[in-house]
Amino acid sequence: METIQSKVSQGRVADAPSGHWAYRLLPRSLWPYAQLARWDRPIGWQLLLWPCWWSAALAASAYARPDDSLASLLPTPWTLVLFLIGAIAMRGAGCTYNDLVDENIDSQVERTRSRPLPSGQISRKQAWLFLFLQALVGLAVLLQFNGFAIPLGLCSLAIVAAYPFMKRITNWPQLFLGLAFSWGALMGWAAEFGDVDGPAILLYIGSILWVIGYDTIYAHQDKEDDAIVGVRSTARLFGEATKTWLAVLYGGALMCFAVAFAAAQAPVVALAGLIAAGAHMARQIIRLDIDDPDQCLRLFKSNNQVGWLIFLGLIGGALWVSLKPLV
């Protein structure tokens with residue numbers, strides 16, 4: 001197993017995964033950019049993507065009728081691809097911006113002081129240019145949507161810009177992360193209908209609660225260093241009561257999702273995905289040891305499975321509606 005020192009000496013950040021394609025395929029001169037965008041940590045863009053895909057799938061199967069074709073009940077592959085590209089680009093841009101804002105803090109935290117900016121592998125000017133290029137990709141994706149979705153997507157930039165500063169002024173920075181990371185719950189619906197209705201808003205609120213929950217687990221990795229440098233978080237706020245808070249947050253998220261499905265008249269089979277996701281969330285809470293950073297990271301990453309379960313439930317509901325007349 002590689003040590004932190006060996007990773008840093010090889011030009012990688014201390015907690016970088018070994019054997020990732022970014023380090024096998026990219027020239028070493030581009031490694032700092034891959035690390036700024038977190039290309040070696042796909043969990044970030046995956047979690048950003050799921051509210052987009054949920055919303056697109058919910059909108060496609062909303063108000064379904066027995067005579068609807070399967071194609072009309074499923075989100076188009078092009079829409080899903082656009083959200084995928086947008087999630088990767090904007091997550092990378094957001095991480096780059098966050099590192100620019102947090103350079104001084106990152107230099108004081110053991111897990112982050114080897115990142116490209118605090119370690120001097122890349123200049124701030126280079127980081128800003130890279131941020132601009134990633135934002136251009138995100139803008140190109142956004143311009144493929146309708147006239148309502150485009151300004152709606154641009155509105156999210158205000159939250160993204162404010163987020164890195166929240167850890168300095170509030171114990172709830174995870175709430176602001178939720179506001180930003182859940183924006184896709186509005187975008188998928190807007191891309192389909194050209195507006196934002198009750199189901200999308202409920203899906204958005206539920207996703208915010210989910211994000212607060214999983215990022216609280218993530219934040220427990222750094223709580224000691226955070227306390228030293230004065231960074232606030234729900235992990236520090238909840239402390240030993242974290243499991244109780246997670247039960248409330250995850251439970252609230254599932255309730256919002258269920259009501260959103262009902263309001264959109266989604267096929268009842270879609271609830272199977274929510275039930276499976278609820279079981280997964282309960283398992284996270286039961287197993288969580290807030291004093292085990294490695295386990296916290298594993299449980300945080302496992303929320304990608306929650307995303308799949310809810311999305312596949314919606315896809316299964318669409319399949320059920322299209323096949324029901326044949327049964």
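None of the figures in this text is laboratory data; all of them are computed from the coordinates on show. Every value quoted in this text rests on a predicted model; they were computed, and no experiment measured them. Cβ: placed from backbone, ideal geometry, glycine included. Neighbour counts: every protein chain shown.
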Report summary line: Residue-normalised 222 nm signal for the chain, counting each DSSP H run of n ≥ 4 as -39,500 (n - 2.57), nearest 500 deg cm²/dmol, is -22500 deg cm²/dmol
Query raised in the report: Of [x] 19.6, 58; [y] 34.6, 117; [z] 20.1, 64, which one was derived for Rg and Dmax of the Cα atoms in Å from the structure shown?
Result: [z]
Report summary line: So, relative contact order of region 180-327 in percent, Cα under 8 Å, 6 or more apart, is 27
Report summary line: Honestly region 39-91 on the Cα gyration tensor test (a ≥ b ≥ c root eigenvalues; a/c under 1.5 rounded, otherwise a/b vs b/c for prolate or oblate) is just prolate
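How many lysine pairs does the chain hold where the Cα atoms are under 22 Å apart and the two sit 8 or more places apart or on different chains? Provide the component values of the computation, followed by the final result.
Values: LYS7/LYS301; LYS167/LYS223; LYS167/LYS243; LYS167/LYS301; LYS223/LYS243; LYS223/LYS301; LYS243/LYS301.
Lysine pairs satisfying the spacing and distance rule in the chain number 7.
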Requested in this report: May I ask for the angle, rounded to the nearest 10°, between helix 271-287 and the longest principal axis of the chain, with both axes built from Cα atoms and the value confined to 0 to 90°?
Outcome: 30
Query raised in the report: Hey, what angle do you get for helix 242-263 against the long axis of the chain, alpha-carbon based, 0 to 90 degrees rounded to 10?
Result: 30
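Stretched out fully, how many nm does the piece from ALA282 to LEU70 gain, at 0.36 nm a residue minus the Cα gap?
Details: separation 212, 0.36 × 212 = 76.32 nm, distance 3.29 nm.
Length difference between fully extended and current span is 73.0 nm.
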Requested in this report: Over the chain, calculate the relative contact order: mean separation of alpha carbon pairs under 8 Å at least 6 apart, over the residue count, as a percent.
Outcome: 22
Report summary line: Candidates ALA71, ALA253, ALA60; GNM for the chain (alpha-carbon contacts under 10 Å) flags as most fluctuating ALA71
Query raised in the report: By how many nm would the segment from ASN146 to ILE169 grow when fully extended, if each residue of separation counts as 0.36 nm and the alpha-carbon distance is taken off?
Result: 4.6 nm
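Which order do peptides 123-129, 313-319, 303-309, 145-151 fall in by mean Cβ count within 10 Å, highest first? Don't jump to the answer; show the numbers that get you there.
Values: 123-129: 13.1, 313-319: 22.0, 303-309: 19.1, 145-151: 14.7.
Output ranking for 123-129, 313-319, 303-309, 145-151: 313-319, 303-309, 145-151, 123-129.
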